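First up is the structure itself, then whatever we jot down about it.
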Amino acid sequence: NEKIVQRAFEAFEAADERAMREDLAPDFVSHSAPPGFAEDADGFVQLAQHLKAGLPDGKLTIHDMFAAGDKVAVRFTHAGTHQGELFGVPASNRTVTVRAIEIYRLSGGKIAEYWGEYDTSDLFGPPPDTSNAGEGARQQS
């Protein structure tokens, strides 16, 4: 199962639709699709293409991968130069790193489902500091 997920990562990084579809089950479900992307294989392929357009030199680096039963867990980073629009953020030409942990469930040698948690703060920036929001409003009045 780990080899299948490794191969899927390589296909995703290249946004290779044919190779991606070979590893996805016909009824594949993405439980972590970003807004605007379908939760099926088509949406997963579109997500890979979107990331490739936004980070054309992007590289996926797997830091940990382990399997238990029909599931494979992966901790990885995806880093590249932000050269195109990405999730509504215009190109910045900065190096952006997304950190993630994903869990894949396989069935019949294909990826049937996946779940993921992502740290996209490099792309979207840290949350605004609202601790002094009241002070600024008072000073302006």
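The values are calculated or read from the model by the stated rules, or taken from the named source; none is laboratory data. Computed from a prediction, not measured in an experiment: that's the story for all the values here. When we count neighbours, we look across all protein chains shown, and the Cβ atoms used for this are built from the backbone with ideal geometry, even at glycine. Keep in mind that these areas ignore ligands, DNA and RNA; they rest on the heavy atoms of the full protein, side chains included. Shrake-Rupley method; radii C 1.70, N 1.55, O 1.52, S 1.80 Å.
In table form, for the structure just shown:
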quantity	calculated
Mean accessible surface per residue for segment 5-86, computed with a 1.4 Å probe while every protein chain stays in place, in Å²	49 Å²
Over the chain: helical MRE at 222 nm, DSSP H runs n ≥ 4 each giving -39500 (n - 2.57), nearest 500	-9500 deg cm²/dmol
For residue 17, net neighbour charge (Lys/Arg +1, Asp/Glu -1) across residues whose Cβ lies under 12 Å away	-1
Whether segment 28-117 is rounded, prolate or oblate, judged on the alpha carbon gyration tensor where a/c under 1.5 counts as rounded	oblate
Anisotropy class of segment 1-75 from Cα gyration tensor, a/c 1.5 cut	oblate
